[in-house]
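J.: Below are the C-alpha cells for one structure; questions will follow.
The values are calculated or read from the model by the stated rules, or taken from the named source; none is laboratory data. Values in this document were obtained by computation on a predicted structure and should not be read as measured data. Because the Cβ atoms are built from the backbone with ideal geometry, glycine has one as well, and the counts that use them run over all protein chains shown.
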Amino acid sequence: MKRKALVIGATGATGKELVSQLTDNENYEMITVLHYRETDQFTHKKIMVTTHPFDALLDFRLENVDDVFCCIGTTIKKAGSQEQFSKVDKDYVLQLGKWAKIDDIVSFHVISYLGADKDSSIFYNRVKGEMEAGLIDLNLNSLYIYHPPLLIAERDEFRLGERVGAALFTILKPFMIGGFKKHRPLNVKKLAASMIAHAIDHKPGLHYVSSEEMQQQKKPDQ
C-alpha cells in the first residue's frame, strides 16, 4: 500500500531535501508539509501544505498518516535566546511526539545530534539529549533517532561556522579514520535518504541511526 508522510521543518535544508526525495519515491502517495505560516515553496501534486501554530501541536488534526519526519531545528543566534532554542528543538518536538502517540502513528523519525546527552554540561548537547529522552518515554510504535555530524547543504542563510567547519573537515578527511570517521561532514541528501529508507522498512521499538550508517546510505529503492 502507498504511504502517507507528515514533514515538519520542511523549509530547512534537510526538510527541503527530504520532501524532494519523498515526492520522487513511488512508495509515497501524499506528503503533508506542516508549517506555522503560509508558504509557497512546495507545488508538487503529491504535497499538501497545512498551517498550524507550533505552540499548539497537540490540537493539530490530520488523518491517515503513516510516517512522521521531524526536521525542526534552529540555532541559538536565530532563536534569540537559549530559552527559545530549547522551545524549538525540544518542546515542539515533544509536542509532535505526543500527537504521534495519540494518533498511533506507525513510525516517527527525528534528527538529533551526534553529541546528544541529557547530562551534558554543553547546552546544545543537553537540549538534544533531553529531547531524545522525552520521546523515548512516550514509547512510540517505532522511533528512529538520527545522530548526524556537521551537515552540508545549500542553505538560504549563510552560516560562517558551517562553512569553516566543512572546509576544515575536507582538509582533515583523509586522516579521519577509526573512531574519528563518525565526525566526517554528512550531506543532507544522505540523511534524507536514510530517513526514508528506515521509514519504508521500519521496525518496532527504538532505533539509533549512526553517522557511519548514514554515510553509507544510498538513495532508497523507488
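J.: Considering only the stretch 73-86, I want to know if a residue exists there that is within 15 Å of the chain's Cα centre (by Cα), of a type outside the set (S, T, N, Q) and modelled with pLDDT under 95.
T.: yes
J.: Next question, about the same structure. Among (1) over 25 Å from D55 (Cβ atoms); (2) in contact with a Pro (Cβ under 8 Å, 6 or more places away or on another chain), which single condition is Y144 missing?
T.: All conditions pass for Y144, except number (2).
J.: Does the stretch 68-89 contain any residue that is surrounded by fewer than 17 Cβ atoms within 10 Å (Cβ to Cβ), part of a loop (DSSP other than H, G, I, E, B) and not hydroxyl-bearing (S, T, Y)?
T.: yes
J.: A follow-up question, please. Regarding F60, is this residue free of Cβ contacts under 8 Å to residues at least 60 places away in the same chain, under 24 Å from I196 (Cβ atoms), touching a helix residue (DSSP H, G or I) at 6+ places or on another chain (Cβ under 7 Å) and surrounded by fewer than 23 Cβ atoms within 10 Å (Cβ to Cβ)?
T.: yes
J.: If you don't mind, another one. Among the residues of the stretch 139-161, are any loosely packed, with under 14 Cβ neighbours inside 10 Å, over 15 Å from C71 (Cβ atoms) and at pLDDT 95 or above?
T.: Scanning the stretch 139-161 turns up at least one residue that is loosely packed, with under 14 Cβ neighbours inside 10 Å, over 15 Å from C71 (Cβ atoms) and at pLDDT 95 or above.
J.: So A100 passes all but one of these: (1) closer than 26 Å to L150 by Cα; (2) of a type in the set (G, A, S); (3) crowded, with 20+ Cβ neighbours inside 10 Å. Which condition number does it fail?
T.: So A100 meets the others, but not (1).
J.: Of the residues S107, S81, S20, only one is over 17 Å from I196 (Cβ atoms) and of a type in the set (S, T, N, Q); which?
T.: Step by step, each of S107, S81, S20 is checked, and only S81 is over 17 Å from I196 (Cβ atoms) and of a type in the set (S, T, N, Q).
J.: State all residues of the stretch 18-57 that are aliphatic (A, V, I, L, M), in contact with a helix residue (DSSP H, G or I) (Cβ under 9 Å, 6 or more places away or on another chain) and in a strand (DSSP E or B); if no residue qualifies, say none.
T.: Across the stretch 18-57, the qualifying residues are I31, V33, L34, I47.
J.: So, one more: Residues of the stretch 172-216 being modelled with pLDDT of 95 or more, exposed (fewer than 13 other Cβ atoms within 10 Å of the Cβ) and either touching a strand residue (DSSP E or B) at 6+ places or on another chain (Cβ under 6 Å) or more than 28 Å from D24 (Cβ to Cβ) (or both), which ones?
T.: Within the stretch 172-216, P204, G205 meet the criteria.
J.: Could you check how many residues of the stretch 2-33 are of a type in the set (G, A, S) and surrounded by fewer than 19 Cβ atoms within 10 Å (Cβ to Cβ)?
T.: Within the stretch 2-33, residues that are of a type in the set (G, A, S) and surrounded by fewer than 19 Cβ atoms within 10 Å (Cβ to Cβ) number 1.
J.: Can we say G15 is at pLDDT 90 or above, touching a strand residue (DSSP E or B) at 6+ places or on another chain (Cβ under 7 Å) and in a loop (DSSP other than H, G, I, E, B)?
T.: For G15, the condition - at pLDDT 90 or above, touching a strand residue (DSSP E or B) at 6+ places or on another chain (Cβ under 7 Å) and in a loop (DSSP other than H, G, I, E, B) - is not met.
J.: Only residues in the stretch 104-120 that are in contact (Cβ under 8 Å) with a residue 40 or more places away in the chain count as the first member; pair them with residues that are part of a loop (DSSP other than H, G, I, E, B) and small (G, A, S), Cβ under 8 angstrom, at least 6 apart or cross-chain, and list the lot.
T.: From residues that are in contact (Cβ under 8 Å) with a residue 40 or more places away in the chain, the pairs are I111/G73.
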